[in-house]
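Everything on this sheet refers to the single structure shown next.
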Amino acid sequence: MSGIALNDEELAYGLRSIASPIRSQSGEVVAALNLAVHRTMASADELRTRYGAAVTQTARDVSSHMGHRQRPH
């Protein structure tokens, strides 16, 4: 899955997170949507497979509300 960043305890011991960019109307990344959990709650693979699509879609929805339009693939 592309468009996500995955943190597996790189920033803090016990913290795992997944994030996806939020873009402005111009396409510039202006923020990120992040879901963080303690390492006992989910493995890095679980974060990616279980929550990756939802985090990415929610970030796209927020971006859309800010005027960003997805380019066709």
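The values are calculated or read from the model by the stated rules, or taken from the named source; none is laboratory data. Computed from a predicted model, the values in this text were never measured in an experiment. Glycine also receives a Cβ, built like all others from the backbone with ideal geometry; neighbour counts cover every protein chain displayed. Protein only, heavy atoms only, side chains kept; ligands, DNA and RNA dropped before computing areas. Shrake-Rupley method; radii C 1.70, N 1.55, O 1.52, S 1.80 Å.
Does at least one position in the range 7-18 carry a residue that is open to solvent by less than 40 Å² (accessible area, probe 1.4 Å), polar (S, T, N, Q) and either out of contact with any helix residue (DSSP H, G or I) (no Cβ under 9 Å at 6 or more places or on another chain) or in a loop (DSSP other than H, G, I, E, B) (or both)?
Looking for residues that are open to solvent by less than 40 Å² (accessible area, probe 1.4 Å), polar (S, T, N, Q) and either out of contact with any helix residue (DSSP H, G or I) (no Cβ under 9 Å at 6 or more places or on another chain) or in a loop (DSSP other than H, G, I, E, B) (or both), one finds none in the range 7-18, hence no.
One line per residue, one yes/no per condition, for (1) of a type in the set (Val, Ile, Thr); (2) surrounded by 13 or more Cβ atoms within 10 Å (Cβ to Cβ):
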residue	(1), (2)
30	yes, yes
34	no, yes
38	no, no
43	no, yes
46	no, yes
52	no, yes
58	yes, yes
61	no, no
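Considering every residue within the range 40-54, establish whether at least one is acidic (Asp, Glu) and either outside any loop (DSSP other than H, G, I, E, B) or more than 19 Å from residue 71 (Cα to Cα) (or both). So that I can check it myself, show each step before the final result.
Initially, the range 40-54 is screened for residues acidic (Asp, Glu), giving 45-46.
Retained after the next criterion (residues that are either outside any loop (DSSP other than H, G, I, E, B) or more than 19 Å from residue 71 (Cα to Cα) (or both)): 45-46.
Checking the range 40-54: at least one residue is acidic (Asp, Glu) and either outside any loop (DSSP other than H, G, I, E, B) or more than 19 Å from residue 71 (Cα to Cα) (or both).
In the range 26-45, what residues are among the charged types (D, E, K, R) and touching a strand residue (DSSP E or B) at 6+ places or on another chain (Cβ under 9 Å)? Spell out the reasoning first.
Narrowing the range 26-45 to residues among the charged types (D, E, K, R): 28, 39, 45.
Hit for the range 26-45 is 39, nothing else.
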